[in-house]
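The values are calculated or read from the model by the stated rules, or taken from the named source; none is laboratory data. None of the values given here were measured: they were computed from a predicted structure. All Cβ positions, even for glycine, are placed from backbone atoms using ideal geometry, and neighbour counts span all protein chains on display.
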Amino acid sequence: MLRLLRGGGPQSVQVLADLFDMRRPSLSEHLKVLREAGLVSEQRSGRQRIHRLEAAPLAEVQDWLQPYERFWRGRLKDLGALLDRTPNDDVT
């Protein structure tokens, strides 16, 4: 859902529900969890509820994960270099 809201912009519950194999009440429950987490905001437009991605909390998570990402990139680069140096034993 977050990817759909990021790529497609603000969308109504009905439009989102049509994209999933679930009924509107179930989708509304998912959106409620995302709203409570601060990842989605809701605005009423007539009878529709329009949902919008709130990306700021995701940026905070990305900032927190960045040191770990650098660590694992380095480790995987070292592993790739080791594998490149290791003879390839073709067993048939």
Determine whether region 12-21 contains at least one residue that is part of a strand (DSSP E or B) and either among the basic types (Lys, Arg) or surrounded by 10 or more Cβ atoms within 10 Å (Cβ to Cβ) (or both). yes
Looking only at region 29-45, count every residue that is over 22 Å from ALA59 (Cα atoms) and either modelled with pLDDT of 90 or more or hydrophobic (A, V, I, L, M, F, W, C) (or both) and tell me the total. 3
ALA37 under 20 Å from ARG6 (Cβ atoms) and either polar (S, T, N, Q) or in contact (Cβ under 8 Å) with a residue 40 or more places away in the chain (or both): no
For region 40-60, give me the residue count where each residue is over 14 Å from LEU2 (Cα atoms) and surrounded by 10 or more Cβ atoms within 10 Å (Cβ to Cβ). 4
